[in-house]
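Q: I have a structure here, written as structure tokens, and I will follow up with some questions on it.
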Amino acid sequence: MAAHRQNALRIQTPEGVEFSYLLAGPITRSLAWMVDVLIIAALMALASFVLYSAFLIGDDMAAAIQGLLFFVIQLGYSMTLEWLWHGQTVGKKMVKLRVIDAQGLQLQFHQIVLRNLMRFVDALPLLYFVGGLTCLLNRHAQRLGDLAANTVVIRIPEVLQRDTACILAGKFNSLKQFPHLTARLQQRITPHEAMLGFRALQRRDEMDASSRVELFEELAEHYRNAVEFPEEVTEGISDENYVRNVVDVLLGGRSAW
Amino acid sequence: MIINLEQFIKSETPFWEELDELLIKFASSERKRTLEDAKRLHYLYERASSDLNKLITFSAERETRAHLENLVARAYSEVHVGRVRQVGFRPLHWFFNTFPCTFRRHIKAFNMIVLVTAVGCLFGWFTVAFDPDAKAILLPFGHGERDASERVRLEEQMGKHEDRLAGHKAQFSSHLMQNNISVSIRAMAFGAAWGIGTILIIFYNGIIMGGIVFDYINSGETEFLLAWLLPHGSIEIPAILLAGQAGLVLGGAIIGWGDRVSLRARLRRIAPDLVTLIAGVSLMLVWAGIIEAFFSQYHEPVLPYSLKIAFGTLELLALIYFLARCGRAADESAT
């Protein structure tokens with residue numbers, strides 16, 4: 001039976017801190033591989049062009065060097081780039097993937113060599129069937145090469161740019177008068193709930209009037225249930241404004257990382 | 001609990017930025033690490049770890065947490081294992097010490113592969129001996145379709161008049177190198193199937209060898225066989241066996257009989273050895289490819305068989321000495 005797939009690799013350090021990496025699946029990895037295949041083909045074409053246009057060596061020697069160059073390019077492309085670019089090739093850079101050690105340690109040269117040599121098996125019988133299947137069945141989405149070399153391929157997360165300023169700029173926020181309650185709010189509201197409010201504010205103009213009222217009423221009620229602010233602060237504020245103030249407390253005030 | 005989150009982040013940000021800068025500098029190989037750098041890195045890493053632990057209680061701080069997690073992860077890999085810089089790589093030391101020492105460290109796997117080859121050879125020998133029709137199925141590269149004596153006669157006659165490899169020697173050599181290195185990598189990589197894949201490849205190689213050897217000896221062409229095979233085969237065949245050895249080492253680590261450490265730890269332990277063995281095998285096969293294209297394919301009267309046999313025997317003895325004796329001092333200092 002297939003091992004339970006996880007989309008994150010969790011690592012606990014000896015200091016008791018836990019951090020996680022988002023694992024890359026077979027589809028995104030295939031996209032990166034396709035880009036790399038195109039680059040390898042281009043490098044081979046370039047090598048042939050240079051060899052035959054230089055006229056410096058005889059046909060026999062040129063063909064021999066060409067054969068060896070093709071072999072070295074195919075084998076060495078990923079090894080060289082993954083070593084020089086700390087686990088990335090051009091394809092992986094474009095798709096925002098990176099090879100890392102499965103325990104979060106530094107990626108070693110022998111790991112890079114081994115995972116790339118194992119492509120000889122992963123690529124069988126064609127189009128990385130063995131590697132793709134292993135990747136699907138493995139809980140850390142590892143192909144055979146990754147298993148042997150103790151590596152995983154992770155997704156480099158996009159940094160979310162929150163432009164809270166355009167929603168909240170210049171508005172007075174009465175909730176900020178109560179720092180102990182806003183601190184409690186920050187603890188009780190999950191990131192998902194906070195982002196829900198933010199997204200609703202971002203897209204409020206796309207909604208029809210009744211849906212807009214209904215959505216913000218529901219959100220405001222949820223936030224009010226989490227932390228109760230004194231009546232004099234919330235009195236007279238519409239549900240939408242209340243949600244805006246809550247989002248300001250949760251997400252506003254600092255530039256995004 | 002942090003009451004004033006904004007104040008907390010404001011006060012800690014300079015330390016996070018300093019850690020980020022230090023990690024970027026460390027990532028570039030130009031920077032030499034001093035003890036002061038290492039101490040500072042350790043301090044900043046521990047501080048960032050502690051901050052991350054505090055921030056975990058603030059679930060609304062998703063981006064800040066993600067940023068800090070990323071920082072801690074990068075610092076963790078830098079603090080716990082220093083990257084082995086390749087500027088310190090000494091090719092001659094690696095070839096004359098690391099490679100033979102690695103071979104000897106896994107001698108049991110090599111003995112096993114020799115045994116598998118021997119069984120394959122016997123199988124090939126007896127199959128061709130008892131069923132000559134099987135030759136056409138078992139032996140590749142046209143060996144199964146023609147008589148050994150006929151081939152010897154043709155090769156010797158052709159040698160008198162023309163060089164049939166003229167204008168193609170370098171290409172032939174390059175093709176041999178690529179093909180043999182690919183077979184070796186496959187023999188190692190198939191070890192991932194609990195070693196079974198490797199055993200099948202090596203066993204099949206043994207069958208081919210046994211069949212060909214019987215065919216030539218049976219036709220009374222033993223001298224030709226030795227003169228043809230020894231110059232390149234004395235390096236090429238052991239190289240394939242070493243690749244098989246690497247495959248069994250991989251298979252053994254995956255099975256892990258009697259080993260209490262985890263699969264991950266076992267694989268981590270043998271990974272450098274696999275790379276060393278395959279790199280050594282590749283070098284051996286480059287040499288074998290040159291010899292096969294430029295030397296082995298010439299027969300009497302162009303080259304006397306005694307010379308070819310002597311050359312091949314010398315190569316084999318040198319290889320045995322190299323694998324058995326080179327780097328002994330390194331072995332002893334390690335134990």
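The values are calculated or read from the model by the stated rules, or taken from the named source; none is laboratory data. This structure is a prediction, so every number in the text was calculated from the model and none was measured. Ligands, DNA and RNA are excluded from the accessible area calculation, which covers all protein heavy atoms including side chains. Shrake-Rupley method; radii C 1.70, N 1.55, O 1.52, S 1.80 Å.
Q: Tell me, what is the 1.4 Å probe accessible area of B:GLU156, in Å² to the nearest 10?
A: About 50 Å², ignoring ligands and nucleic acids.
Q: What does the helix-only formula give at 222 nm for the protein assembly as shown: each DSSP H stretch with n ≥ 4 adding -39500 (n - 2.57), the total divided by the residues, and the result rounded to the nearest 500 deg cm²/dmol? Please list the in-between numbers first.
A: Details: 26 runs with 398 residues, N = 592.
Rounded to the nearest 500, it is -22000 deg cm²/dmol.
Q: Note the angle between two axes, namely the Cα long axis of helix B:107-130 and the longest principal axis of the Cα atoms of chain B, as a number of degrees from 0 to 90, rounded to the nearest 10.
A: 30 degrees
Q: Which residues, if any, in the range A:59-76 lose at least 40 square angstrom of accessible heavy-atom surface (probe 1.4 Å) when the other protein chains sit next to their chain rather than the chain being alone?
A: A:ASP60, A:ALA64, A:LEU68, A:PHE71
Q: Can you give the accessible area of B:TRP94 in Å² (nearest 10), computed on protein heavy atoms with a 1.4 Å probe?
A: 40 Å²
Q: Which lysines, if any, have their Cα less than 30 Å from the Cα of B:LYS160, not counting same-chain residues under 8 positions apart?
A: Here the lysines satisfying the reach criterion relative to B:LYS160 are B:LYS135, B:LYS169, B:LYS308.
Q: Output the direction-averaged projected area (hull surface divided by four) of the convex hull of the alpha-carbon atoms of the protein assembly as shown, in nm². Each step should come with its number before you reach the end.
A: Numbers: hull surface 146.6 nm².
Hull-based average projected area comes out at 36.7 nm².
Q: Another one. Taking only Cα atoms and a 10 Å spring cutoff, compute GNM fluctuations for chain B and point out the largest among B:LEU52, B:LEU229, B:LEU303.
A: Judging by the Gaussian network model, the answer is B:LEU52.
Q: Over the protein assembly as shown, average the accessible area per residue using a 1.4 Å probe and give it in Å², no decimals. If you can, show how the numbers build up before the last one.
A: Values: 29840 Å² over 592 residues.
Value for the protein assembly as shown: 50 Å² per residue.
Q: Pick from A:PHE19, A:PHE178, A:PHE109: which residue has the top mean-square fluctuation in a GNM of chain A where Cα pairs under 10 Å get a spring?
A: Per the Cα network of chain A with a 10 Å cutoff, A:PHE178 tops the list.
Q: Now a separate question. Can you list the residues of the range A:16-51 whose accessible area drops by at least 20 Å² going from the chain on its own to the full set of protein chains, with a 1.4 Å probe?
A: In the range A:16-51, residues shielded by partner chains: A:VAL17, A:GLU18, A:PHE19, A:SER20, A:TYR21.
Q: Going from most exposed to least, what order do A:SER210, B:SER11 have by accessible area with a 1.4 Å probe? Each step should come with its number before you reach the end.
A: On the way: A:SER210 75, B:SER11 55 Å².
From most exposed to least exposed: A:SER210, B:SER11.
Q: Which one of B:LEU22, B:LEU263, B:LEU241 has the biggest mean-square fluctuation once chain B is modelled by GNM with Cα springs under 10 Å?
A: B:LEU22
Q: Right, another one. May I ask you to give the average projected area over all directions of the convex hull of the Cα atoms of chain B, in nm² rounded to one decimal? Mind showing how you got there, number by number?
A: Numbers: hull surface 98.3 nm².
Answer in nm², one decimal: 24.6.
Q: On the protein heavy atoms, probe 1.4 angstrom, tell me the percent of accessible surface of the range B:91-334 carried by carbon and sulfur. Before the final figure, lay out the partial values.
A: Numbers: 7780 of 11540 Å².
Whole-percent figure for carbon plus sulfur exposure: 67.
Q: Please compute how much accessible surface disappears when B pairs with A, both sides summed, using a 1.4 Å probe, and round it to the nearest 100 Å².
A: Numbers: alone 19340 and 15910 Å², together 29840 Å².
Buried area (both sides, nearest 100 Å²): 5400 Å².
Q: Against the longest principal axis of chain B, how steep is helix B:62-80, in degrees 0 to 90 to the nearest 10, with axes from Cα atoms?
A: That helix lies at roughly 50 degrees to the long axis.
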